[in-house]
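Below is one structure, written out as structure tokens; comments come after it.
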Ligand SMILES: Cc1cc2nc3c(=O)[nH]c(=O)nc-3n(C[C@H](O)[C@H](O)[C@H](O)COP(=O)(O)OP(=O)(O)OC[C@H]3O[C@@H](n4cnc5c(N)ncnc54)[C@H](O)[C@@H]3O)c2cc1C
């Protein structure tokens, strides 16, 4: 196979890598991207998109089931509904397939050369790709490592058989009668809630004292309430140990209570993700590391000249939109633009029930940073729109500096609040003050009015509470 030379080589076609390659192509840079699996990476194939498809299907099924049991407040009733999970998964796979084709088409449109295979560094300018038809050597002036992350495995609960990762959960063809979820972070709770709505008997085992430990307790309280009403067992302060020897159960250690058995046809382990730093020749280029992650500067440059790293492989928050923003920036840097990482806020969303959004600083973080803060909290129980949507549990909370009212953070919990994350992030990126948010008309009746009202509340004159 003839060697290839290019200006930019991107390793990994997840949201970080493929966006970097598309932007580079748009800027006229001679670009090659290498991907060992399908375009779109974790996010498109086994992460963000398929999980949200399953969550949507579970929500729909749950709603219909409530109607069938006669517990629907709207007065709708129907005969006993059923779900064919294999068909749900086939629908989800069609969405993934459409998006795979879409990414491949966008790369082509940007004149990026896409190569399928496993890439491995030979040195800082040369990569060897194992393709189906043999080895392809690629020399590049600049190389972007966008190899992403993989699920963390527990030594006593290795993946295989009835112990599954999020990827396994997203391809189940039958709803398990019982599911133990090890890890109460966002991935475990999103999938655990979906399976509970699909009919599984779900128990979440979390070592920390509460679920979603990265969010404050006020923000996660409505999620805890909803898990309770769905019948999901939450065992916090408990440690999962192993599968029971006779199968069908997870053995966990629960504080003073000693060892307990949790019924579990399947055990879903979601205890975090680790950067994919193995198998592509990190040892050949000996990059500086930041713990398990590749160390980068504010331009995503690694310790080796001409080698950049973006996305999950570079650290927290391991989120698709951070990878995308880094990818776009690096393409522009390679094209000679003056860019550096200047994002003030990376939104984080949990697609739990209800959804949780956090952008910028929480009240506690803001108090540490600037001491005097103003906080406005507007509950959805005072929102007419929330009432019509049967979505009154939750609130929008705004955090601003007390001296000049500049918004430092916005958090929300409630049905559909994920769609408000862009408005929250915009207010922080634009350096909005409470008066700007309060003075921006929200259409009536929408949930967005709660954002405006939260700013009014912080200013001391909310209108609807
Ligand atoms: C169940 C689940 C739900 C999630 N939900 C969300 C969400 O709602 N919102 C959100 O923002 N994030 C979510 N995430 C996280 C999100 O998927 C990641 O943050 C994102 O995919 C990271 O993008 P990336 O480009 O860094 O890497 P990845 O998407 O992991 O892509 C890396 C790519 O590199 C390829 N690769 C690796 N090594 C090589 C090699 N040597 N040669 C060739 N190719 C290679 C891999 O095959 C992969 O395709 C979720 C993750 C999971 C697991």
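Where a number appears in this text, it was derived from the coordinates with a stated rule and is not lab data. Note that the coordinates shown come from a computational prediction; the quantities given were computed from them, not determined experimentally. In this analysis, Cβ positions are derived from the backbone assuming ideal geometry, glycine residues included, and neighbour counts consider all displayed protein chains.
Laid out as a table, the results:
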| read-out | value |
| --- | --- |
| Extension gain (nm, one decimal) between residue 402 and residue 152, 0.36 nm per residue minus Cα-Cα | 85.8 nm |
| Label-point separation in nm, residue 84 to residue 338, each point 7 Å along Cα→Cβ | 6.1 nm |
| Shape call, segment 163-271: gyration tensor on alpha carbons, a/c limit 1.5 | oblate |
| Relative contact order (%) - criterion: Cα under 8 Å, at least six apart; region: the chain | 15 percent |
| Overall form of the chain per C-alpha gyration tensor (a/c, 1.5; a/b vs b/c) | oblate |
| Among 156-165, 357-366, the order from most to least packed when residues are scored by Cβ within 10 Å on average | 357-366, 156-165 |
| Stretchable slack from residue 303 to residue 284, in nm (0.36 nm times residue separation minus alpha-carbon distance) | 5.5 nm |
| Helix-only CD estimate at 222 nm, as mean residue ellipticity for the chain, using -39500 (n - 2.57) per DSSP H run (n ≥ 4) | -9500 deg cm²/dmol |
| DSSP bridge pairs, the chain: antiparallel proportion in percent, nearest 5 | 60 percent |
| Nitroxide proxy distance, nm - points 7 Å out along Cα→Cβ at residue 253 and residue 63 | 4.5 nm |
| For segment 117-169, alpha-carbon Rg relative to the globular expectation (2.2 N^0.38 Å, N residues) | 1.66 |
| Debye-sum result for segment 207-275 in log10 I(q)/I(0), which assumes one identical scatterer on each alpha carbon, at q = 0.22 Å⁻¹ | -1.12 |
| For segment 305-338 versus segment 76-97, the gap between their alpha-carbon centres in whole angstrom | 37 Å |
| Cα gyration tensor shape of segment 348-459, rounded if a/c is under 1.5, else prolate or oblate by comparing a/b with b/c | prolate |
| Antiparallel DSSP beta bridges within segment 163-271, as percent of all bridges there, nearest 5 | 40 percent |
| Additional length obtainable on full extension of the chain from residue 5 to residue 109, 0.36 nm per residue less Cα span | 35.4 nm |
| For segment 105-127 and segment 361-407, distance of Cα centres in Å | 45 Å |
| Cα coordinate range in segment 297-379, projected on the principal axes (Å, largest first) | 49, 33, 20 |
